[in-house]
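First the structure, which I've put down as structure tokens, then a few questions once you've had a look.
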Amino acid sequence: MTRWLPMSVTLMAILLVFAAWHLGFGAVNISPPELWQTLVHGQPDYEFILYGYRMPRLFIAALVGAALALSGLLVQGVVRNPLASPDILGVTGGASLAVVGFSIAWTGASVVWVPFVALAGGFASLGCLLWLARPVLNQPASLALVGVALSALFAAAIDFLLTMYPLEINSSLIWLTGSVWGRNWSHLPLIAPWLAVLIPVATFLAYRLDLLDLGDEAATSLGTRVGWLRLLALLTAVALASASVSVCGAISFVGLVAPHMARFLVGYRHLPLIPVCLLLGAILMVSADLFARILMPPIELPAGIVTAFIGAPYFVFLITRYKHW
């Protein structure tokens, strides 16, 4: 199918519109001519606001959204479950629990360790999910329910830690709701390298995931090592989700909504889905951060609250749509 190319160009244009809106609006509004003048020729009045504050937030929000969307696409492709996503299956919750526990236990630890802690938590939560759900791995709705239960367990553990260590509650709560607030250029290396490495891996897996849609027996007969394919795709998805958690905290539903929107736009083949899904995830996250900043000025809402308002009704719609499972 060739429609992915014009669709990608259209989504890129939409992303650029939201990016300009994101850079221009906030506590200090910058008009389009002033924004252009500052970006192209430099204007001292707004350079600090743009380059020191809004532009790093824009890039980080876009990269986090893209990573979560790609992670959700891989999880749904492997599990063959339209209700699956990193946050619903407990991966995001496990990574969040690991980071909160780490921040409480080692208050003076360097931020460099956070991605590795989040990665370990994400992998541990994936292991727990696969072990607990092994009797229902072939039942999509049941697997999703096990993931929801696991997410609730991790959320309860996080609440317990915050109750026991109230001195950490303010910063931890802001982080747990998912926010790009306070992010700067130093946070960019925590997410950009993961995408640079794992997007090619996902592209390499795309054709094989298409074969997996035919069923395990058909995929095996066509030369696909199904077990290794599932493992590599899940590890890639967990790494992307955990890297996102390490930068912005727990962002809900982007990994669920973006893959569904991409399939509606370009079909079910994974290779064209990847660029469309990346752009949709970036658009969702950039727009969520934008509206989180401008809805209740001067108060900034966490971006995770906005994505939850969008994603929760959509998740209910999916459950009712697939209720026959």
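Consider THR236 carefully, then state whether it is surrounded by 20 or more Cβ atoms within 10 Å (Cβ to Cβ) and either out of contact with any Ser or Thr (no Cβ under 7 Å at 6 or more places or on another chain) or farther than 17 Å from ALA84 by Cβ (or both).
When the stated conditions are applied, THR236 passes them.
Next question, about the same structure. Would you tally the residues in the range 136-178 being at negative phi, modelled with pLDDT of 70 or more and either touching a strand residue (DSSP E or B) at 6+ places or on another chain (Cβ under 6 Å) or assigned to a loop (DSSP other than H, G, I, E, B) (or both)?
Qualifying residue count for the region: 2.
Looking only at the range 80-135, count every residue that is surrounded by fewer than 16 Cβ atoms within 10 Å (Cβ to Cβ), in a loop (DSSP other than H, G, I, E, B) and of a type in the set (Gly, Ala, Ser) and tell me the total.
3
What tally of residues in the range 179-188 results from selecting those that are surrounded by fewer than 15 Cβ atoms within 10 Å (Cβ to Cβ) and either at pLDDT below 85 or not aromatic (Phe, Trp, Tyr) (or both)?
Total meeting the criteria: 3.
Quick one: is GLY94 over 16 Å from ALA149 (Cβ atoms), in contact (Cβ under 8 Å) with a residue 40 or more places away in the chain and over 13 Å from the mean Cα position of the chain (by Cα)?
Spelling it out, it is not the case that GLY94 is over 16 Å from ALA149 (Cβ atoms), in contact (Cβ under 8 Å) with a residue 40 or more places away in the chain and over 13 Å from the mean Cα position of the chain (by Cα).
Show me the helices (runs of 4 or more DSSP H) found entirely inside the range 189-303 where at least 2 residues are more than 25 Å from SER125 (Cα to Cα), touching a residue at least 60 places away in the same chain (Cβ under 8 Å) and touching a Phe, Trp or Tyr at 6+ places or on another chain (Cβ under 6 Å).
Passing ranges, in order: 270-294.
So, one more: Among the residues that make up the range 59-75, is at least one of them in contact with an Asp or Glu (Cβ under 6 Å, 6 or more places away or on another chain), surrounded by 21 or more Cβ atoms within 10 Å (Cβ to Cβ) and part of a helix (DSSP H, G or I)?
For the range 59-75, residues in contact with an Asp or Glu (Cβ under 6 Å, 6 or more places away or on another chain), surrounded by 21 or more Cβ atoms within 10 Å (Cβ to Cβ) and part of a helix (DSSP H, G or I): present.
Can you give me the number of residues within the range 304-325 that are more than 19 Å from SER252 (Cβ to Cβ) and either outside any helix (DSSP H, G or I) or at pLDDT 75 or above (or both)?
4
Name the residues in the range 263-288 that are within 17 Å of ASP213 (Cα to Cα) and within 15 Å of the chain's Cα centre (by Cα), would you?
ILE274, the sole residue that qualifies.
With respect to the numbered conditions (1) among the small types (Gly, Ala, Ser); (2) modelled with pLDDT of 85 or more; (3) more than 24 Å from the chain's Cα centre (by Cα), which one is the sole condition not fulfilled by GLY42?
(2)
Residue-by-condition table, conditions (1) touching a strand residue (DSSP E or B) at 6+ places or on another chain (Cβ under 8 Å); (2) crowded, with 16+ Cβ neighbours inside 10 Å; (3) under 15 Å from PHE59 (Cα atoms); (4) in contact (Cβ under 8 Å) with a residue 60 or more places away in the chain:
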residue	(1), (2), (3), (4)
LEU5	no, no, no, no
LEU11	no, yes, no, yes
LEU16	no, no, yes, no
ALA20	no, yes, yes, no
GLY24	no, yes, yes, no
ALA27	no, no, no, yes
GLU34	no, no, no, no
THR38	no, yes, no, no
PRO44	no, no, no, no
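Can we say LEU295 is at pLDDT below 90 and surrounded by fewer than 24 Cβ atoms within 10 Å (Cβ to Cβ)?
For LEU295, the condition - at pLDDT below 90 and surrounded by fewer than 24 Cβ atoms within 10 Å (Cβ to Cβ) - is met.
The values are calculated or read from the model by the stated rules, or taken from the named source; none is laboratory data. A quick note: this is a predicted structure, and the numbers were derived from the prediction, not measured. Here the Cβ is made from the backbone with ideal geometry for all residues, glycine too, and neighbour counts use every protein chain on show.
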